[in-house]
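K.L.:
Pasting a structure here, questions to come.
The values are calculated or read from the model by the stated rules, or taken from the named source; none is laboratory data. Predicted, not measured: the structure shown is a model, and the values here were computed from it. Note that we place each Cβ from the backbone using ideal geometry, even for glycine, and neighbour counts take in every protein chain shown.
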Amino acid sequence: MPTFVFAKFDISDPAGYEQYVALATPIFMREKVRVHASDNAPKALTPDMQADKVVLLEFRDHDHFRHFFAQADYMEAAKVRDASSKMSATIFERYG
């Protein structure tokens with residue numbers, strides 16, 4: 001069953017975050033992670049959802065999700081992401 005990740009980012013270092021995107025994008029492509037949405041100017045409906053960026057990702061299943069985040073090159077890219085932004089994320093499965 002597909003596994004989804006919704007993440008929102010508060011970006012403190014835009015140049016650093018762009019470096020993360022440059023490092024991570026080829027990994028997402030190689031691992032066939034589907035990016036359903038990515039918005040650099042989301043509009044919050046509630047104050048707790050304020051963010052500089054949001055993304056919605058789809059993984060084939062939970063094993064694919066775990067495999068992706070365990071990749072050594074992604075873990076290195078994530079260090080750049082974490083140094084340049086604060087991320088909040090939720091994992092969930094398709095309804096029905």
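K.L.:
Contact list please: Cβ distance under 9 Å, first residue in the range 58-80 and part of a helix (DSSP H, G or I), second residue at pLDDT below 95 and loosely packed, with under 13 Cβ neighbours inside 10 Å, pairs at least six apart or on different chains.
P.N.:
62/1; 62/93
K.L.:
May I pose another question? Answer with yes or no whether residue 44 is assigned to a loop (DSSP other than H, G, I, E, B) and closer than 11 Å to residue 85 by Cβ.
P.N.:
On the way: assigned to a loop (DSSP other than H, G, I, E, B): yes; closer than 11 Å to residue 85 by Cβ: no.
Here the answer is no, as residue 44 does not meet what is asked.
K.L.:
Further question on the same structure: If you go through the range 22-30 one residue at a time, do you hit one that is more than 20 Å from residue 86 (Cβ to Cβ), outside any strand (DSSP E or B) and either β-branched (Val, Ile, Thr) or touching a helix residue (DSSP H, G or I) at 6+ places or on another chain (Cβ under 7 Å) (or both)?
P.N.:
Yes, there is a match, as at least one residue in the range 22-30 is more than 20 Å from residue 86 (Cβ to Cβ), outside any strand (DSSP E or B) and either β-branched (Val, Ile, Thr) or touching a helix residue (DSSP H, G or I) at 6+ places or on another chain (Cβ under 7 Å) (or both).
K.L.:
Now for a different question. Being out of contact with any Phe, Trp or Tyr (no Cβ under 7 Å at 6 or more places or on another chain) and either small (Gly, Ala, Ser) or closer than 23 Å to residue 93 by Cβ (or both) narrows it down to one of 8, 43, so name that one.
P.N.:
Unique residue meeting the criteria: 8.
Rundown of residues vs (1) charged (D, E, K, R); (2) at positive phi; (3) at pLDDT 95 or above, yes/no style:
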position: 14; (1), (2), (3): no, no, yes
position: 43; (1), (2), (3): yes, no, yes
position: 54; (1), (2), (3): no, no, yes
position: 58; (1), (2), (3): yes, no, yes
position: 77; (1), (2), (3): no, no, yes
position: 94; (1), (2), (3): yes, no, no
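K.L.:
Quick check: is even one residue across the range 34-41 basic (Lys, Arg), modelled with pLDDT of 95 or more, surrounded by 12 or more Cβ atoms within 10 Å (Cβ to Cβ) and in contact with a Gly (Cβ under 9 Å, 6 or more places away or on another chain)?
P.N.:
no
K.L.:
Right, residue 44: surrounded by 11 or more Cβ atoms within 10 Å (Cβ to Cβ) and touching a residue at least 12 places away in the same chain (Cβ under 8 Å) or not?
P.N.:
In short, no.
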